[in-house]
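Take a look at the structure set out below.
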Amino acid sequence: MSDRIDSLSDYFKRYEESIADPEQFWEKIAKQFHWQKPWDTVLDWDFEGPNITWFKNAKLNLTENIFEKQRFADENKIAILWEPNDPQEDSRKISYKELFERTGQFANAMLEQGVEKGDRVIIYMPMVPEAAIAMLACARIGAVHSVVFAGFSATALADRINDCSAKMVLTSDGNFRGAKKIPVKEVVDEALKHTTTISKVIVYQRTGQAVTMEAGRDVWWHDAIAGVPSENTPESMDAEDLLFILYTSGSTGKPKGVAHTTAGYMLYTYYTFRNVFQYESDDVYWCTADVGWITGHSYIVYGPLLAGATTLMFEGVPTYPDAGRFWDIIDKYKVNQFYTAPTAIRALQACGLEPLEGHSLDSIKVIGSVGEPINEEAWHWYHHHIGKGRCPLVDTWWQTETGGIMISPLAGITPNKPAHASLPLPGIQPVIVDAEGVELKGNNVEGNLCIRFPWPGMIRTTYGDHERCKNTYFSTYPGMYFTGDGVKRDHDGYLRILGRVDDVINVSGHRMGTAEVENAINEHPNVIESAVVGYPHDIKGQGIYAFAICDSKGLTDAALIAGIKDTVRDIIGPIAKPDQVQIVSGLPKTRSGKIMRRILRKVASKDISNMGDTSTLLNPEVVDEIIKGAGIQ
Ligand code: WT7
């Protein structure tokens, strides 16, 4: 039986099967993979621990299922197409055979540099094929990778290295991003002043800019692989051995290391990639994400490669050298499936239709959206101007923690409904609950989104702190995984994601914890207290609005605001820099001292209707001052 769903009735049939007997459903899919040793049981689980075991005691190596046991493609098929930041520079084409050799060679090089099975390896690299090779080489030898987006600051990088006691960093000299050249190695050097566990740094030469190499610690990538053979015996991994850790922000201050394991993640990314995008064997698939995020892990690297697909990797940004760059690339490579984020769509929509002129975009069969709710206007623009009204649009809802797509139309199969993630994938059992955890059944209901049954790609733990995993996801509504998102089930039973219901802001499809940004702001020497909220932003979806109480010490507000923005950029990275900072003399607080964020959210979104009762506040007078200060009255 093929695991490819081919019609709506087929979808409903398989969905029913996956709910009636989940173990049998996933076991059938698992049997298509190569296992060094079969499983004892398909699934053992409880959501109290939580303890989740898929394919107990089975042994495998994920990369063996991409290379030696590649079930779909011939070895000369192109695995990775690479488009550089600068369109004048040569592009690259890497076949499955070459990718296999390079992965084996780099795996051997890492072993030579002292990495052992189970060690954590940080990947802090630009969007070059070597970033994917690094991930695959880790999987090959059983090292646990943790990719850190190369836009994060030295402090953020050091925090992640320390949290997982990483042994090695894989990085580059620099990084081309649009017209900018970013000094990546310099950031690593700075970070390593605050860590003690790193013994080796391997540096890929990308920009050729001058860097300092510390003797005994730093090795050039080209030197590390020189003369190293590509034959490598894959490490035998337990189904539940860690594949990777990826840090993501939550409602508490410190980012947490979401841990994914080998077999379940492998199955889930493969299955969802095949079915959501309806990839066919000669297609060229392009996901515009960065490998530093889960989308890059699951849908640039693992899912497509496990399915034997040709995956395009783009180093640059949508607006360089001009706003037609995405469309140039689509025509150049005849891209068939195009997967991007609403923030990119809105930014390109704002550039008007001129950049689209002279582009055919005829090759596109499927367009996709991910990372944040897509507003209807952007949905229609994308569908009409990029999909030309003929391509299905898959609005894919999922999270770092879910490992892969959970709720989405299947391209060409599920009828499209603007701004609706639509229906759950087979094996996924969404539940809508009210604030008390009571399930809201039937259609026309709105509440919090939970999942009641395990799926193979789900989070297993938060690295080094299992309690935190339990508290964050499994305690709010006992017996269920809580997503943190609000959702509506409409009259047809289609799901529409409404956005976060916790203190997490989604900025340009990137998750930011308000507490994390507040902690950074509070590091500014003049800041006494701060509160951060999200507000609607035309391009980014949500912007970051910070209120700060300062001891100005003679500084002007303008100087304080600039200083606060710089502080956040230095501590977390440019993506966390507040869009708006307002200096205030107080923050609205309840009598128990809790900040009333609801009021701040209203002010930030410049909508002060229905402010609710503010008379019970400890300091009601501060509300008027804040409203005035925001320029609303
Ligand atoms: C949060 C997860 C999924 C990979 C990229 C982001 C929001 C994601 C959608 C969508 C509405 C979406 C949710 C979710 N989100 N996709 N199609 N429609 N909201 O991963 O950083 O883990 O963020 O992104 O709020 O909880 P992430």
- request: Go through segment 461-549 and tell me which strands (runs of 3 or more DSSP E), entirely inside it, have 3 or more residues that are under 25 Å from Ala559 (Cβ atoms) and without any contact (Cβ under 8 Å) to a residue 60 or more places away in the chain.
  value: 527-537
field: Condition broken by Val394, with the remaining ones in (1) part of a strand (DSSP E or B); (2) away from the ligand (no atom under 11 Å from the Cβ); (3) of a type outside the set (S, T, N, Q); (4) crowded, with 22+ Cβ neighbours inside 10 Å satisfied
entry: (2)
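Only one of Glu401, Glu446, Glu372, Glu377 is over 27 Å from Arg14 (Cβ atoms), within 16 Å of the ligand (Cβ to nearest atom) and either part of a loop (DSSP other than H, G, I, E, B) or in contact (Cβ under 8 Å) with a residue 60 or more places away in the chain (or both). Can you tell me which? Spell out the reasoning first.
Working: Glu401 fails: over 27 Å from Arg14 (Cβ atoms); Glu446 fails: either part of a loop (DSSP other than H, G, I, E, B) or in contact (Cβ under 8 Å) with a residue 60 or more places away in the chain (or both); Glu377 fails: either part of a loop (DSSP other than H, G, I, E, B) or in contact (Cβ under 8 Å) with a residue 60 or more places away in the chain (or both).
Unique residue meeting the criteria: Glu372.
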Strands (runs of 3 or more DSSP E) completely within segment 42-118 that count 3 or more residues being more than 20 Å from Pro304 (Cα to Cα): 43-46, 51-54
query: In segment 309-340, what residues are crowded, with 17+ Cβ neighbours inside 10 Å and among the basic types (Lys, Arg)?
result: Arg325
message: I'd like the full set of residues that are surrounded by fewer than 24 Cβ atoms within 10 Å (Cβ to Cβ) and β-branched (Val, Ile, Thr), limited to segment 403-427.
response: Ile413, Thr414
task: Can you give me the number of residues within segment 276-306 that are touching a Pro at 6+ places or on another chain (Cβ under 9 Å), more than 16 Å from the ligand (Cβ to nearest atom) and not in a loop (DSSP other than H, G, I, E, B)?
output: 1
- prompt: If a residue has to be in contact with a Leu (Cβ under 7 Å, 6 or more places away or on another chain) and in a loop (DSSP other than H, G, I, E, B) to count, how many in segment 185-216 make the cut?
  reply: 1
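Considering only residues of segment 142-167 that are assigned to a loop (DSSP other than H, G, I, E, B) and of a type in the set (S, T, N, Q), which is nearest to Thr261 (Cα to Cα)? Don't jump to the end; show me each part of the working.
Of the residues in segment 142-167, the ones assigned to a loop (DSSP other than H, G, I, E, B) are 142-143, 148-153, 165-167.
In the following step, the residues that additionally are of a type in the set (S, T, N, Q) were identified as 153, 165.
Numbers: Ser153: 27, Ser165: 18 Å.
If we take residues in segment 142-167 being assigned to a loop (DSSP other than H, G, I, E, B) and of a type in the set (S, T, N, Q), then Ser165 is nearest to Thr261 (Cα to Cα).
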- prompt: Residues in segment 455-467: is at least one under 22 Å from the mean Cα position of the chain (by Cα), farther than 30 Å from Val584 by Cα and within 12 Å of the ligand (Cβ to nearest atom)?
  reply: yes
message: When you check Leu348 against the structure, is it away from the ligand (no atom under 16 Å from the Cβ) and more than 21 Å from Ser508 (Cβ to Cβ), yes or no?
response: no
message: If I ask for residues that are touching a residue at least 40 places away in the same chain (Cβ under 8 Å), assigned to a loop (DSSP other than H, G, I, E, B) and more than 16 Å from Glu89 (Cβ to Cβ), which ones from segment 317-346 would you list?
response: Thr319, Lys334, Val335, Asn336, Ala341
message: Please determine whether any residue of segment 258-267 is more than 19 Å from Phe67 (Cβ to Cβ) and among the hydrophobic types (A, V, I, L, M, F, W, C).
response: yes
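Quick grid of which residues meet (1) within 16 Å of Met237 (Cα to Cα); (2) among the aromatic types (Phe, Trp, Tyr); (3) at pLDDT below 95:
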| site | (1), (2), (3) |
| --- | --- |
| Met1 | no, no, yes |
| Glu16 | no, no, no |
| His34 | yes, no, no |
| Gly49 | no, no, no |
| Asn57 | yes, no, no |
| Glu75 | no, no, yes |
| Ile94 | no, no, no |
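For residues that are acidic (Asp, Glu) and not in a loop (DSSP other than H, G, I, E, B), scanning just segment 1-41, find the one that is farthest from Ala263 (Cα to Cα). Talk me through it step by step, then tell me what you get.
Of all residues in segment 1-41, those acidic (Asp, Glu) come to 3, 6, 10, 16-17, 21, 23, 27, 40.
Still in the running and not in a loop (DSSP other than H, G, I, E, B): 10, 16-17, 23, 27.
Details: Asp10: 26, Glu16: 23, Glu17: 21, Glu23: 14, Glu27: 12 Å.
Restricting to residues being acidic (Asp, Glu) and not in a loop (DSSP other than H, G, I, E, B), the top hit is Asp10.
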Selection within segment 404-443 - touching a strand residue (DSSP E or B) at 6+ places or on another chain (Cβ under 9 Å), away from the ligand (no atom under 16 Å from the Cβ) and closer than 25 Å to Val366 by Cα: Gly412, Pro415
- line: Across (1) surrounded by fewer than 24 Cβ atoms within 10 Å (Cβ to Cβ); (2) more than 19 Å from the chain's Cα centre (by Cα), Asp159 clears everything bar (2)
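The values are calculated or read from the model by the stated rules, or taken from the named source; none is laboratory data. Please read these numbers as outputs of a predicted model, since none were measured by experiment. FYI the Cβ positions are ideal-geometry reconstructions off the backbone, even for glycines, and counts take in every protein chain you see.
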